[in-house]
Amino acid sequence: MPKLTLFVQIQGQPNIVEVAVDERANESEIHKALLEAGLTIGSDQFVFIDESDEPLSAQGKRPAAEVKQGTRVHVARCRRIKITVNYLERTISQEFAPGVRVRSVKKWAMKEFELDKKDAAEHVLQLCHSTERPTSDTPLHSLVRDNDCAVCFDLVPEIRVEG
């Protein structure tokens with residue numbers, strides 16, 4: 001059976017681990033492949049496929065239909081991450097799965113703040129109380145600090161030079 005390469009990102013670790021699975025792997029087979037690759041998955045950790053809302057079950061026989069070549073797998077301590085976004089005098093909050101990327105949060109925030117496409121293109125998400133602006137491809141679990149399962153952003157204008 002053909003193999004697929006999955007890219008595994010673990011909360012709290014900067015590296016990415018490649019894992020091979022059969023293209024028709026079910027949930028438990030993906031868990032098994034992670035363990036065989038030397039990854040430790042604690043009882044307080046969850047395994048998510050890409051931006052999926054629900055974690056995989058270690059004993060699950062359900063096919064992992066969303067798995068394809070190059071799919072990201074996230075091993076996270078947080079089942080949900082509370083996101084807060086500040087813009088001008090408004091603040092909004094919502095919980096997201098750990099594998100959700102910053103671009104999806106920005107899209108949600110733009111809709112909630114009712115900003116048009118032009119304004120959206122001119123703003124970025126910046127971590128609160130910092131100057132750090134994570135790339136749009138960054139998964140939320142990589143931004144969590146101190147196991148609190150929450151991330152705060154400010155929606156700020158992107159600096160542009162006009163000349």
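Number of Lys-Lys pairs in the chain with C-alpha atoms under 22 Å apart and a separation of 8 or more places or on different chains: 12.
Take the Cα of A58, step 7 Å toward its Cβ, do the same at L35, and the gap between the two points is 0.7 nm.
Which residue, G99, G12, G38, tops the fluctuation ranking in a GNM of the chain built on C-alpha contacts under 10 Å? Most flexible of the set in this elastic network: G38. Size check on region 81-157: the Cα extents along the three principal axes, sorted descending, read 34, 22, 21 Å.
As a calculated quantity, the FRET efficiency between K117 and D148 at R0 = 30 Å, using C-beta atoms, amounts to about 0.35. Quick check on the chain: of the DSSP beta bridges with both residues there, what percent are antiparallel, nearest 5%? Percentage antiparallel, nearest 5: 75. Summary value for region 3-76: 43 percent relative contact order, contacts being C-alpha pairs under 8 angstrom separated by 6+ residues. Test of understanding: in a Gaussian network model of the chain with alpha carbons linked when under 10 Å, which of P14, P98, P63 would top the mean-square fluctuation ranking? Top of the fluctuation ranking is P14. When the chain is treated as a GNM with alpha-carbon contacts under 10 Å, the residue of R62, R101, R79 showing the greatest mean-square fluctuation is R62. The H on the amide N of C128, modeled in the peptide plane, is under 5 Å from the matching H of C152, F153, D154, each at least 5 residues off or on a different chain.
Residues whose amide H comes within less than 5 Å of that of R72, counting only those at least five positions distant or on another chain, are F7, D50 (H built at 1.01 Å from N in the peptide plane). For the chain, the relative contact order comes to 22 percent (Cα pairs under 8 Å, sequence separation of at least 6).
Axis of helix 27-36 versus longest Cα principal axis of the chain: the two differ by about 80°, to the nearest ten degrees. Near H123, the amide H atoms lying under 5 Å from its own belong to E158; only residues 5 or more places off or on other chains count, and H is placed 1.01 Å from N.
Got a sec? Charge dipole of region 1-66, +1 on Cβ for Lys and Arg, -1 for Asp and Glu; which of N26, Q13, S52 is way out at the positive end? Toward the positive end, the furthest listed residue is N26. Distance distribution note for the chain: the fraction of Cα pairs above 30 angstrom is 25%. Given Cα positions, please report Rg to Rh for region 1-67, the hydrodynamic radius being the Kirkwood one. Across region 1-67, the Cα-based Rg/Rh ratio is 0.92.
Between F7 and S43, the simple spin-label model (points 7 angstrom out along Cα→Cβ) gives 3.4 nm.
Read-outs throughout are calculated quantities, based only on the coordinates presented, and are distinct from any laboratory measurement. A quick note: this is a predicted structure, and the numbers were derived from the prediction, not measured. Quick reminder, even Gly has a Cβ in these numbers, built from the backbone with ideal geometry, and neighbours come from all protein chains shown.
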